[in-house]
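Read-outs: derived from the displayed coordinates by stated rules, not from any lab. Computed from a predicted structure; not experimentally measured. Here the Cβ is made from the backbone with ideal geometry for all residues, glycine too, and neighbour counts use every protein chain on show.
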Amino acid sequence: MEVRYKRVLLKLSGEAFAGDRGYGIDPNFLEYITAEIKSLVDEGVQLAVVIGGGNIFRGITGLEIGIDRATGDYMGMLATVINALALQSALERLGGIPTRVLSAIEMRQVAEPYIRRRAIRHLEKGRVVIFAAGTGNPFFSTDTAGALRAAEISAQLFIKATKVDGIYTDDPVKNPQAEFIDEISYLETINRGIRVMDHTALTLCMENKIPILVLNINKPGNLLKAVRGERIGSLIR
């Protein structure tokens, strides 16, 4: 079966990297996500990845210990670089996949500086590109960084990886009566206050006509089904 989406941006949360540990990086998840990503690369998908840093440090939590918001956000950006390097290592070691980390904060010893044309060239050469350090600016989420990079590289699909099957009318973990939403528009997502991602990220995707697919990353094969255009998860468009 041919893939429907040739260039895709995958947004992974830092919490996913922690696995059952709750903190740090779970080697089992690295092995699992490497296999999932390899299945896309083997189909010729040009894949870019944005990772959060919540498994190491979340900027807003710094306020609780007296760290100002901007400094906390920079610390969170550095946490995403750690996750990006871990994923790069796993992809190259376990999957044999050429991978490049591009950082919005310059740190040439460990990552290439983010340059849009360079990122696109890497994708065209079949390399997985990992965007690290968010947008390089405080007060912006990694969802917004993902939406921005998706627009810059002309991604055909934004995949928001979660631990649930898609979008619900309420938190399905807390409310078993929550109803599943198969498809919804950008504006309705915003107007109904559905907290799938922040409004800045949603608006960026809406303005650039990038569909958002929310799916459960913990179900093997979901990513491949997504790029093939199979009905899975919840679609925002």
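Pairs on different chains or at least eight residues apart, Cα atoms closer than 22 Å: how many lysine pairs in the stretch 7-236 fit?
21
Taking θ = phi - 60°, what integer Hz values does the Karplus form 6.51 cos²θ - 1.76 cosθ + 1.60 yield along the stretch 216-226, in sequence order, with x for Gly and Pro?
The phi angles translate into 8, 6, 7, 9, x, x, 4, 5, 5, 4, 5 Hz.
Would you please classify the overall shape of the stretch 1-121 from the alpha carbon gyration tensor, given that a ≥ b ≥ c denote the square roots of the eigenvalues, rounded means a/c under 1.5, and beyond that prolate means a/b larger than b/c while oblate covers the rest? Intermediate values should be presented prior to the final figure.
Working: a/c = 2.13, a/b = 1.51, b/c = 1.41.
Here the stretch 1-121 falls in the prolate category.
For Asn208 and Leu63, what is the calculated FRET efficiency with R₀ set at 35 Å and r taken between the beta-carbons, to the nearest 0.05?
Numbers: r = 32 Å, r/R0 = 0.91.
Calculated transfer efficiency: 0.65.
Say R0 is 25 Å: what FRET efficiency, to the nearest 0.05, do Ser154 and Asp182 get from their beta-carbon distance? Could the numbers behind the result be given before it?
Details: r = 26 Å, r/R0 = 1.06.
Calculated value: 0.40.
Only four residue types carry charge here, +1 at the Cβ of Lys and Arg and -1 at the Cβ of Asp and Glu. Report the dipole size of the chain about the Cα centre in Debye, rounded to the nearest 20.
Details: 29 positive and 27 negative charges, 158 e Å.
The calculation lands at about 760 debye.
Taking other Cβ within 10 Å of each residue's Cβ, how do Lys209, Lys160 sort, fewest first? Present the calculation step by step, with values, prior to reporting the outcome.
Details: Lys209 10, Lys160 26.
Lowest to highest Cβ neighbour count: Lys209, Lys160.
Report the local net charge at Lys219: Lys and Arg +1, Asp and Glu -1, summed over other residues whose C-beta lies under 11 Å from its C-beta.
Values: positive: Lys163, Lys225; negative: Glu36, Asp165.
In short, 0.
Between Met1 and Lys163, what length comes free when the chain is fully extended (0.36 nm per residue of separation minus the Cα-Cα distance, one decimal in nm)? Write down the numbers at each step before the final one.
Values: separation 162, 0.36 × 162 = 58.32 nm, distance 2.62 nm.
Result: 55.7 nm gained on full extension.
Measuring from centroid to centroid over Cα atoms, what is the spacing of the stretch 149-191 and the stretch 51-72 in Å?
25 Å
Is the stretch 103-148 rounded, prolate or oblate when judged by the Cα gyration tensor, a ≥ b ≥ c being the square roots of its eigenvalues, rounded requiring a/c under 1.5 and prolate requiring a/b larger than b/c?
oblate
If you restrict to DSSP beta bridges whose two residues both lie in the chain, what percentage is antiparallel, to the nearest 5? Intermediate results must be reported in sequence, preceding the final value.
On the way: 5 of 32 bridges.
Roughly 15 percent of the beta bridges in the chain run antiparallel, per DSSP.
Can you give the longest stretch of the chain with no exposed loop site, where a site means GluC sites (Glu not before Pro) in a DSSP loop (not H, G, I, E or B) with at most 13 other C-beta atoms within 10 Å? Could you put the intermediate results ahead of the total?
On the way: sites that count: Glu2, Glu106, Glu179, Glu230.
Looking at the chain, 3-105 is the longest stretch - no exposed GluC sites (Glu not before Pro) with at most 13 other Cβ atoms within 10 Å.
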